[in-house]
Number of protein chains: 2
Amino acid sequence: MNERTTWDTLVVGGTVLTMEPECEPIPNGAVAVSDGRIAAVGPCEQLLEQAPTCEVLEATDSLILPGFVNTHSHLAMTLVRGYADDLPLKEWLEKRIWPVERQHMNRDTVRLGTELAIAEQLLAGITTTTDMYFFGDEVAAALETVGMRGMVTEPLIDFPTPRCATPEEAMDKQRELIEAYRDNPLIFPSIAAHSPYSVCAANLVKEAELAEEYDVPLQIHLSETRWEVDQLISEKGSSPIAYLADLGVLGERTIAAHCVHVSPADIEILAANEVGVSHNPISNLKLASGVSPAATMIEAGVKLGLGTDGTASNNTLDLLRDAQLMTLLQKVITGNATALPARTAIEIITRLGAHVLGLEDRVGTLSPGLEADLICISTKGAHATPIYDPFSHLAFAARSADVRHVLVAGKLLVRDRTMQTMDLESIQARTKEFATSLAG
Amino acid sequence: MNERTTWDTLVVGGTVLTMEPECEPIPNGAVAVSDGRIAAVGPCEQLLEQAPTCEVLEATDSLILPGFVNTHSHLAMTLVRGYADDLPLKEWLEKRIWPVERQHMNRDTVRLGTELAIAEQLLAGITTTTDMYFFGDEVAAALETVGMRGMVTEPLIDFPTPRCATPEEAMDKQRELIEAYRDNPLIFPSIAAHSPYSVCAANLVKEAELAEEYDVPLQIHLSETRWEVDQLISEKGSSPIAYLADLGVLGERTIAAHCVHVSPADIEILAANEVGVSHNPISNLKLASGVSPAATMIEAGVKLGLGTDGTASNNTLDLLRDAQLMTLLQKVITGNATALPARTAIEIITRLGAHVLGLEDRVGTLSPGLEADLICISTKGAHATPIYDPFSHLAFAARSADVRHVLVAGKLLVRDRTMQTMDLESIQARTKEFATSLAG
């Protein structure tokens, strides 16, 4: 190894977790970044020898790992964080959320709320996000401007939205978004049909066909509440999952958010069709929807990632918090303290989340050739002392506030807990103005 | 109000939540501290006028509220944080926790682990804690040295502990602790019998008598696991709670930790005897013990506080995290999104927690005359934008890492997230040495 190498950045000094299957932690390790991609991973000393003049990002007393992958959210809803808490789902939607969306959600406010969501997520170590909200082109522009990676769409539902008067208009906007971003390295356009209870069979099928035509993911809310399952069984004679399978809508491109109320037969369908499930535990608790049998689905071979959902039902975009809650919850619902252990929880918010989005060849591990999306998590806190196992630490004790540095595509977006490519204070000031006018 | 006042400190500029029943938030408020007690609470302008020369602690962009009250923990177990995760209770105890305690827990290591726990808790906004671990006199000394408020004991169990060869020796140590600290304003000695399954009836009764004799609380683990309940029913013919009630052990002095597996009859007994329950939701999930019906107990009139339990089963001493999980969990187990709402969750970790410890006349609200235990929580983060309601913010979005300043008895123990009365780095270095020797 005497050949001199040119790298853009060398992240050095922390314990590296590549999150590749069976990876061993690399103490005092380093990650080399070149042209926005992972160039090399190894012991610090060895990599420093290879490229002595490289720009160095210091990450001692840190864990260095892939950025987290958020597989379900409604980003702009940061604007209504905490506006409607401790309410039943029906009242929450009909008296609070929908009226606000009709009256206050437009291109400008969606941009504002999305920018706040981008900052919050990056500061919490999320480097790839998934949005299902209106004005998808504005969401895409916001992500691209800051430099965050994300999946965008223009959701279709069988009634007028703040953006589209008709489902046909939503399909047109989806096509436009796909045409505009299909080759973009940061922005991944997708199809999104709201749910089996709010989109008719004909439109569900059309959406699946669009996803196939363009080879992009299809986002959908699925089996979130008991009500939805009862409704579909009563109207269609089968569970929401069986109904979609019968329509030919489910497949490896599907990203199904929630899947709380699923039968063994449903789980078989999800596994057989290679559907990606986005598990959203905090949202499901807060709206009293239920607890998804995530550990059982994983055992049955279902691809499973984790989502924050929107801040109206969470109330943060803090995926690590969801991961910690997920492992705790799965232990109690299975009655088995070994269920969904620490390492699996962290795989779910990195490599396995990327798999759900169909991005496993781009992000989710620190493997040479993949995009350089990585985070450094400080281990200096009292709560981070001692650490016997870094996976246990992440799954049971670490906090998103410990995230120090964040790189996306090799670009430093967060340094020492501070946004580098965005004026966060100005966004916060404008958000407070919005909140004042809404509350007043 | 033209009379000039002499106060020691004036905390100014944040939104004050006194946590008195029905309190309204005071925007741009202030809290005056004199002789270690709350002297006045009100609008900032008004209090500044009364005492213009007072030392001022700036707390703009913050919430100012009483410090949190942790009603159950085993502090020194910070040393084994993350040492035994994802294990069933039996293996966790028998193969990991007990061997470590026998071999490694002595006066020095208990002091070290307790000091780390004190720092972790103060930095997370906890100002009053409760310990149930060995070497209670060392725990008391550690708390007093740093300036933290806490309940201490020397737990009794029917087999040898790292401290006591016999239950009689534990009772002697309990008496000594009570004699030494009964009039101390920071340290509250208590009796502690481990549990109804590990302490014989005769010793349980003796412990209750000791608590009565000295008028101090009696800590006990109660109805934590299904196994414990089945065991007691099989051996004694009644549930653990009914068994203790029959022995005359339960009363207003009792602090019963866990109470996960409780029947309606058990809940009636707890309410009728004015037992204080310490709910420990994260520990109960992590060990797959179950979910305590906390909301149902509160409705039945049971006094309920919140505990972190030890870090071996949590893995942090972050009571706000437990509070946030509590409200989410109670919604899903009751199937009611309005269950245990935000404000109640924050009352439970302040005023109601103090009530469980019998300290409601000293701490838990910012009421003039009470001890000046208060915390300032920053609202500057992206995740803290916007805030429509400060209780919702605390219960669903805030993080313990947002805690900026912490005062106990009017003394500033944490300033700008930094310990003021302890060399935390040295404690962390020694903890890492302990962990290295244990793992190696």
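Amide hydrogen proximity for A:Val56: with H placed 1.01 Å from N in the peptide plane, the residues at 5 or more positions away or on another chain lying under 5 Å are A:Leu10. For region B:59-176, the Kirkwood radius over C-alpha pairs fed into Stokes-Einstein at 37 °C and 0.692 mPa s yields D = 214 µm² per second. Can you list the trypsin sites (Lys or Arg not before Pro) in region B:178-266 that are in a DSSP coil and have 12 or fewer other beta carbons within 10 angstrom? Answer by residue number: there is no such site. Computed from backbone phi, the HN-Hα couplings of region B:210-215 come to 4, 4, 5, 3, 9, 6 Hz, rounded to whole numbers (Karplus: 6.51 cos²θ - 1.76 cosθ + 1.60, θ = phi - 60°; Gly and Pro given as x). Close amide H contacts of A:Ala192 (hydrogens built in the peptide plane, cut-off under 5 Å, sequence separation of 5 or more or a different chain): A:Glu154, A:Leu156, A:Gln219. Our coupling estimate for region B:261-272, obtained by passing each phi through the Karplus curve with A = 6.51, B = -1.76, C = 1.60 and θ = phi - 60°, is 9, 10, 8, x, 5, 4, 4, 4, 4, 4, 5, 5 Hz, Gly and Pro reported as x. May I ask for the net charge around A:Glu22, where only other residues with Cβ less than 13 Å from the Cβ of A:Glu22 are counted and Lys, Arg are +1 while Asp, Glu are -1? In short, -1.
Taken along the Cα-to-beta-carbon direction at a fixed 7 Å, the label points for A:Glu252 and A:Ser238 span 2.2 nm. Computed 3J(HN,Hα) for region B:130-141, one whole-Hz value per residue from the Karplus formula 6.51 cos²θ - 1.76 cosθ + 1.60 where θ = phi - 60°, is 9, 10, 9, 8, 7, 6, x, 5, 6, 4, 4, 5, glycine and proline marked x. So what does log10 I(q)/I(0) come out to for region A:187-296 at q = 0.21 Å⁻¹, using the Debye formula with one equal point on every Cα and no solvent? The Cα Debye sum returns log10 ratios of -1.14. Comparing A:Glu252, A:Glu49, A:Glu360 in a Gaussian network model of chain A where C-alpha atoms under 10 Å apart are linked, the largest mean-square fluctuation is found at A:Glu49.
May I ask which of A:Lys331/B:Lys95; A:Lys90/A:Lys286; A:Lys236/A:Lys303; A:Lys173/A:Lys432 have a Cα-Cα span longer than 24 Å here? From A:Lys331/B:Lys95; A:Lys90/A:Lys286; A:Lys236/A:Lys303; A:Lys173/A:Lys432, over 24 Å: A:Lys236/A:Lys303; A:Lys173/A:Lys432. Taking the square roots of five times each eigenvalue of the Cα gyration tensor of region A:320-368, the equivalent ellipsoid has semi-axes of 25, 9, 9 Å, listed largest first.
Only DSSP H runs of four or more residues enter the estimate; each adds -39500 (n - 2.57), and after division by the residues of chain B the mean residue ellipticity at 222 nm equals -11000 deg cm²/dmol. Note on B:Ala202 and B:Val56: their simple-model spin labels are 6.6 nm apart, each label 7 Å out from Cα toward Cβ. With N the number of residues in the protein assembly as shown, Rg(Cα) / (2.2 N^0.38 Å) evaluates to 0.94.
Surface calculation, 1.4 Å probe, protein heavy atoms: B:Val56 sits at approximately 70 Å² accessible.
Counted over chain A, the DSSP beta bridges are approximately 45% antiparallel. The convex hull defined by the C-alpha atoms of region A:1-109 has an orientation-averaged projected area of 11.4 nm².
Count Lys and Arg as plus one, Asp and Glu as minus one, and take only other residues whose Cβ is under 14 Å from that of A:Val139; the net charge is then -3. Under 5 Å between amide hydrogens, built in the peptide plane, is the criterion, and for B:Thr71 it picks out B:Leu306, B:Gly307, B:Thr308 among residues at least 5 positions away or on other chains. The ellipsoid equivalent to the alpha-carbon distribution of region B:68-356 has semi-axes of 25, 22, 19 angstrom, derived from the gyration tensor eigenvalues as √(5λ) and listed largest first.
The values are calculated or read from the model by the stated rules, or taken from the named source; none is laboratory data. Everything numeric here is computed off the predicted structure, so don't read it as measured data. So basically every Cβ, Gly included, is an ideal-geometry build from the backbone, and we count neighbours across all protein chains shown. All accessible areas refer to the heavy atoms of the entire protein, side chains included, with ligands and DNA or RNA removed. Shrake-Rupley method; radii C 1.70, N 1.55, O 1.52, S 1.80 Å.
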